[in-house]
Amino acid sequence: MNAKIIEALKSRFGEQAAQTSEFRGELTVIIPKERIVEVCRFLKEDPGLRFDFLADLSGLDMFTPVNRFAVVYNLYSLANKHRIRLKVFTEEDEPKLPTMTGVWSTANWHERETFDMFGIVFEGHPDMRRVYLPDEFEHHPLRKDFPLMGIPGSLPLPKKS
Amino acid sequence: MGLEHALGDSFVTTKLDLAINWCRKNSLWPMPMGISCCAIEMMSFAGPRFDAARFGSEVFRFSPRQSDVMIVAGTTTFKMAKVVRKIYDQMPDPKWVIAMGACTSSGGMYRTYSVVQGIDQFLPVDVYVAGCPPRPDNLLNALITLQQKVQRGESKGSFPAYIGEKKLNEPHDLPSISG
Amino acid sequence: MEQRPEEVARKTRILQALENQHTSVTFEDALENDMILNMGPQHPATHGVLRLLIRLDGETVVGCVPEVGYLHRGYEKLAESCTYHEFIPHTDRLDYLSPLNNNTAYALAVEKLLGIEAPPRAQYLRVMISELARISSHLMFLGSLAMDVGALTVWMWAFREREKQYDLFENIAGARFTTSYTRIGGLAQDVSAETLAMVKKFVDELPGHLLECENLLNTNRIFLERTDGIGVVTPDQAVDLGFTGPGLRACGIGHDLRKANPYLVYNDLDFSVPVYTGGDALARYYVRMDEMRESVKLIHQVLQKMPGGDVHAFKPKKVLPRKERVYTKMEELIHDFMIVNFGVEPPVGEIYSAVEAPKGELGFYIYSNGEGYPWRLKIRSPSFVNLQTLPVMMKGCMISDVVAIIGSLDPVMGEADK
């Protein structure tokens, strides 16, 4: 099944559009930022592939000087019972990616969570604000340069009288 | 508590005090602030096996205006702290707080950026219960300890407050409601 | 935080007045305004700290915005500072109604990353504890849904059954409910024969008790009117919104990870997946009741087929050795020291492993860079994704149906907020 997917992607998008790797039987495809929406739409609508379920969307901080942030899409096909992973890299200054809410509506809250935790802005998202932390919080916790114990005073606490 | 303040120092209210404290301790109606896993053990504490109703906690009033003791059960985050404080301020005097579990006593196993390391940073706490989660028997023990405290007439958060043996003559700062 | 212009334009006059702290707002048309109701984080019926902002037109819900994050404890950041073994107690507190299932899911994910497999007895035992956890979670669902719509007796009966299960868990794992029972490569300890006899006794009696509860609810006119046709989701909407678990199976799509991508020993066991069409709260209730019966069937089969043997895989550098060998043999002592201090060091790579938790698809995405600490651990929690369907479900229903809908969705905020 993995070979079939690689074949379909290469025939539609060309050789350079996708780098693939396999680990423990799972296929990971790295897609450039500009083509991600069309690749996802192709994967969803192609009758042989039918990846109609977005299982997970998460951010990843590689902490490298180039291509610091990545967003990982874990897709699942209900008909073929198969999984695939897509990965998109973006830069550190003003990380931006196109939104997936047009393809799968479930990406809505996942993208809000990625924005909350990493600061990656998804263009075209209907409601781009934080989901877990209060709106006034200024940092993005899951970045590697944010300390685990937090920054004292960054979140307000009611007074004990 | 409030009785002496109302009637002044010249009245001897010992027996009446004892009687009123006995009534208070045997009908402590909890307000369950059930936030996370400890809430499930609190439900078991109210459930059929470890029945809290036989100790006087007949109903779990979810309205703060009708309850005596607030059992904070679960990890309190900074976002939730404001809400907990608001609910605490809405409770009428005399009121007590039981901090249930490790997360409310000291932050528990979460030493992270979003968890308050113990609710005593913003609430006066009367009884701390250890455990992650504490067994319902442990919570019953806490309730009985609280009842003993009520019998003695002590309350950390009510107005006026007793600190040790000394009674404060002037009221402490009223808690702010606009938190 | 300053408002973006489009946000300001979208806010109603009531919200703007609230923010500017005006106390009087005048309207030209007295019947024009909708009311915004806040079902706050502290509420008896919102299953934990979920906040709902509901826009009402009289008593009809026009729109709803759920707000989560009141229990955000920073699990994913915490995972980056814990070794793989140290994270196991944290997985208990994710979906705290079925902790054993989360332990199993996490152990399976790390074992996939390491490329090891637990021995057969451990796999059968893991199936047994996962199904017991499923029964525990669904009993809680039964109790809270019934309590939310007014049948308090059923809550007491469901809790009586859960107390019996807590006794079982204490015998199996040592703790009532935060068990931390699985380990990477197996289980913490074996179960004794008398514990298995207790399990058998429990599952023999459970269908009778479930029937008692159903006799109170299934033909009860109040329960039916409060759940039938309430909170409908169509199958296309469900798949698009990422809805999994009993909710998806109540829409007519028979997707269950135990059948689709079998893990542990589910392909050796005989069970069926209940599917109902209708997509409403009543269908979700029927699905969960039937799932409890299927779990009973699974546990009976596991008890019959359980092989003997060890519950730890024999992979010296990856699996924690048993304590009696650690105290007597040199190599095990060294391995124990290395694994506890530096962590099991998996190869560089990433995996995504999902199981069928009682609430839906619980997935762990782990990216490892070769150290004993995960570089990134993402928890795909079913409740977080299922809560996205709330605005869709609540459109057009009455304010009193909101409680029944949340009850039938059965979210757990410990998992949704991570």
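A simple rule links phi to the HN-Hα coupling: the Karplus curve 6.51 cos²θ - 1.76 cosθ + 1.60 with θ = phi - 60°, which for region C:243-255 gives 6, 10, x, x, x, 5, 6, 7, 8, x, 9, x, 9 Hz, with x for Gly and Pro. Note on A:Val121/C:Phe342: beta-carbon distance plugged into 1/(1 + (r/R0)^6) with R0 of 35 Å gives a FRET efficiency of 0.40.
The ranking of C:Leu108, C:Leu56, C:Leu152 by Cβ neighbour count inside 10 Å, starting from the fewest, reads C:Leu152, C:Leu56, C:Leu108.
For B:Trp29, the amide hydrogen comes within under 5 Å of the amide hydrogens of B:Asp68, B:Val69, counting only partners 5 or more places away or on other chains and with H modelled in the peptide plane. Taking a label point 7 Å from the Cα of C:Glu117 along the Cα→Cβ vector, which residues of region C:254-275 have an amide N closer than 14 Å to it? Residues C:262-268 fall inside that zone. Anything over 24 Å Cα to Cα? Flag those among A:Lys10/A:Lys33; C:Lys359/C:Lys418; C:Lys112/C:Lys297, in the order listed. Checking Cα-Cα distances, C:Lys112/C:Lys297 exceed 24 Å.
Of A:Phe69, A:Phe42, A:Phe146, the residue with the greatest mean-square motion in the GNM of chain A, using alpha carbon springs below 10 Å, is A:Phe146.
Relative contact order of chain C: 25 percent, from C-alpha pairs under 8 Å at least 6 residues apart in sequence. Be a star and scan region C:374-418 for residues whose amide nitrogen sits under 20 Å from the point 7 Å along the Cα-to-Cβ vector of C:Leu224. Backbone N within reach: C:401, C:404-405, C:408.
Note on the protein assembly as shown: with charges restricted to the Cβ of Lys and Arg (+1) and Asp and Glu (-1), its dipole about the Cα centre is near 1260 debye.
Note that region A:22-32 has calculated 3J(HN,Hα) couplings of 10, 8, 6, x, 10, 9, 10, 10, 9, 10, x Hz, one per residue in order, obtained from phi through the Karplus relation 6.51 cos²θ - 1.76 cosθ + 1.60 (θ = phi - 60°); glycine and proline are x. In the protein assembly as shown, the convex hull through the Cα atoms has an average projected area of 36.3 nm², a quarter of its surface area. Taking C:Asn20, C:Asn171, C:Asn215 in turn, the Gaussian network model of chain C (Cα-Cα springs below 10 Å) assigns the largest fluctuation to C:Asn20. Under the simplified labelling scheme, the A:Glu138-C:Asp204 pair shows an inter-label distance of 6.7 nm, with each label point 7 Å from Cα along Cα→Cβ.
Highest GNM mean-square fluctuation among A:Ala79, A:Ala107, A:Ala55, for chain A modelled with Cα contacts below 10 Å: A:Ala79.
Taking the Cα centre of chain C as origin and assigning +1 to Lys and Arg Cβ atoms and -1 to Asp and Glu Cβ atoms, the resulting dipole is close to 1040 debye. A Förster radius of 22 Å combined with the Cβ-Cβ distance from C:Thr195 to C:Leu216 puts the calculated FRET efficiency at roughly 0.10. What the phi angles of region C:94-107 give under the Karplus curve with 6.51, -1.76 and 1.60, with θ = phi - 60°, is a coupling list of 6, 9, 6, 8, 9, x, 5, 5, 5, 4, 5, 4, 5, 4 Hz, glycine and proline written as x.
With K and R counted +1 and D and E -1, the other residues having a Cβ less than 14 Å from that of A:Lys10 yield a net charge of 0.
Taking amide H as placed 1.01 Å from N in the peptide plane, the amide H of A:His82 sits under 5 Å from that of A:Ser77, each at least 5 places away or on another chain. Taking other residues whose beta carbon is less than 11 angstrom from the beta carbon of A:Pro158, and scoring Lys, Arg as +1 and Asp, Glu as -1, yields +4.
When C:Leu303, B:Leu140 are arranged by Cβ crowding within 10 Å, least crowded first, meaning fewest neighbours, the order is C:Leu303, B:Leu140. With neighbours defined as other Cβ atoms within 10 Å of a residue's Cβ, the residues C:Glu76, C:Glu225 order from fewest to most as C:Glu225, C:Glu76. Counting Lys and Arg as +1 and Asp and Glu as -1, what is the net charge of the other residues whose Cβ lies under 9 Å from the Cβ of C:Glu345? Within the 9 Å Cβ shell, the charges total +1.
Throughout, read-outs are computed from the coordinates displayed, never taken from laboratory work. Computed from a predicted model, the values in this text were never measured in an experiment. We place every Cβ from the backbone using ideal geometry, glycine too, and count neighbours over all the protein chains shown.
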